[in-house]
Amino acid sequence: MRWTVHGERSLYDTPWVRLRSMDVEQPDGTRVDYHVVRLRDVAVTAAVDAQQRVLMMWRHRFVTDSWAWELPMGLVEDGEEPAQAAARELEEETGWRPGSLRELVYAEPAAGITDARHFLFRADDPRRIGAPSERNESDRLEWIPLARIPGMITRREIVSSATLVGVMALLLDPGPGAG
């Protein structure tokens, strides 16, 4: 059931998104022109404090004109490791710096249409270093008890797929020192 790629050509390119036309052969031998969206990798951080609360941002997303809670996240820059990007984004967007960072989960949110990769990390010992340096991300940060997360998901207060994957993985993760 493997698809074979015979070629790829650019339809549209920006620093954030690339649209490609792929000449692919399906498992039954049919060749088709298939459109693929190529995106930059995303790094996400779930910062958890000693009271088992996660740091979240109240965000407006103009594309969907919606408000929801999200984990700090951003693009992985060229030459940057996902963990470095996760730490940088946490600091820029919240003013908190992780002391340690460990991979929580990896996800490909829409592998049938895009090559987007999401790297989600957990920081259990964040420390406040000052105000956020990124002024256009959020004007409201809150430490939310992990016990509130399921209800927030049900009420659609958390809708970003990267955040959903991150907080659900967080709820399954026993945390540091667990066997």
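The values are calculated or read from the model by the stated rules, or taken from the named source; none is laboratory data. All of these numbers come straight from a predicted model, not from anything done at the bench. FYI the Cβ positions are ideal-geometry reconstructions off the backbone, even for glycines, and counts take in every protein chain you see. Calculation scope for accessible area: heavy atoms of the full protein, side chains included, ligands and nucleic acids excluded. Shrake-Rupley method; radii C 1.70, N 1.55, O 1.52, S 1.80 Å.
Within region 162-179, track down each residue that is under 19 Å from the mean Cα position of the chain (by Cα) and either among the aliphatic types (A, V, I, L, M) or open to solvent by 60 Å² or more (accessible area, probe 1.4 Å) (or both).
Taking region 162-179 first, the residues under 19 Å from the mean Cα position of the chain (by Cα) are 162-173.
Passing the criteria: A162, L164, V165, V167, M168, A169, L170, L171, L172.
Within region 129-150, one or more residues are over 15 Å from T94 (Cα atoms), without any contact (Cβ under 8 Å) to a residue 60 or more places away in the chain and over 16 Å from the mean Cα position of the chain (by Cα). Checking each residue in region 1-24 for being basic (K, R) and either surrounded by 11 or more Cβ atoms within 10 Å (Cβ to Cβ) or closer than 20 Å to D78 by Cα (or both) picks out R18, R20. Only one of the numbered conditions (1) touching a strand residue (DSSP E or B) at 6+ places or on another chain (Cβ under 6 Å); (2) surrounded by fewer than 10 Cβ atoms within 10 Å (Cβ to Cβ) is violated by P27, and that is (1).
Of V44, V32, all but one fail to be assigned to a strand (DSSP E or B), closer than 19 Å to D173 by Cβ and modelled with pLDDT of 95 or more; the exception is V44. Listed conditions (1) in a strand (DSSP E or B); (2) free of Cβ contacts under 8 Å to residues at least 40 places away in the same chain; (3) surrounded by fewer than 17 Cβ atoms within 10 Å (Cβ to Cβ); (4) not hydroxyl-bearing (S, T, Y) are all met by V63, apart from (1).
Checking each residue in region 69-116 for being of a type in the set (S, T, N, Q) and closer than 17 Å to V165 by Cβ picks out only T114.
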